[in-house]
Amino acid sequence: MTYLRATDPFPLEAADHNKLHEFYARLAAGRLSTTRCTVCERTAWPPRGFCGECAADTFEWVDLPPVGTIHAFTVQDTGLPAGFDGPRVFAIVKVGGHRVFAVVRDADPAAVSIGQRVRLAPLRVADDPKGTPRYLPAFVVDAA
Ligand SMILES: [Zn+2]
């Protein structure tokens, strides 16, 4: 079957197409990671193949903490794609000095609040054309 690239809502994540593919491999293993410039040592979010600060193009991978706090959030009640249960909570999560846009899974919208502690829980989405599982960054409210 031909891979219909134009209809894929997600970025091309395979090593053949994307030098940042390591992000997805680590996410599948339950780790949220990003790039750190090997010249000025700044971390970026989202991961970048070159440094936005010093323009170097060498980087290494670093893990961000598995917990963060909700900086802002919104609730989507309608217009969700088929197969997605609503309502769905989307949040900007402060984690490791960065602000990460992500889904908050299994959340009661009425119980979500700014400053709430959340824990990384990557969300499995449709497999890639080769059948490899894919994940998006997501969190759950941390009960602890
Ligand atoms: Zn740099």
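Roughly to the nearest percent, how much of the accessible area of the stretch 29-123 is carbon and sulfur, given a 1.4 Å probe?
That fraction is 50 percent.
In the Gaussian network model of the chain, springs joining C-alpha atoms below 10 Å, which of PRO122, PRO46, PRO81 carries the largest mean-square fluctuation?
Looking only at PRO122, PRO46, PRO81, the biggest GNM fluctuation is shown by PRO81.
Which value, in debye to the nearest 20, gives the size of the charge dipole of the stretch 64-144 about its Cα centre, when Lys and Arg are +1 and Asp and Glu are -1 at the Cβ?
I would put it at about 300 debye.
Compute the accessible area per residue over the chain, keeping the other protein chains in place, probe 1.4 Å, unit Å².
59 Å²
Using only the C-alpha atoms of the chain, find the volume of their convex hull and express it per residue in Å³.
Numbers: hull volume 18.6 nm³, N = 144.
In the chain, the Cα convex hull volume per residue is 129 Å³.
For the peptides 66-72, 89-95, 136-142, what is the packing order when you average, over each peptide's residues, the other Cβ atoms within 10 Å and list the highest mean first? Before the final figure, lay out the partial values.
Details: 66-72: 17.1, 89-95: 20.7, 136-142: 19.1.
Put in order of decreasing packing, that is 89-95, 136-142, 66-72.
The values are calculated or read from the model by the stated rules, or taken from the named source; none is laboratory data. Quantities reported herein were computed from a predicted structural model and do not represent experimental measurements. Quick reminder, even Gly has a Cβ in these numbers, built from the backbone with ideal geometry, and neighbours come from all protein chains shown. Calculation scope for accessible area: heavy atoms of the full protein, side chains included, ligands and nucleic acids excluded. Shrake-Rupley method; radii C 1.70, N 1.55, O 1.52, S 1.80 Å.
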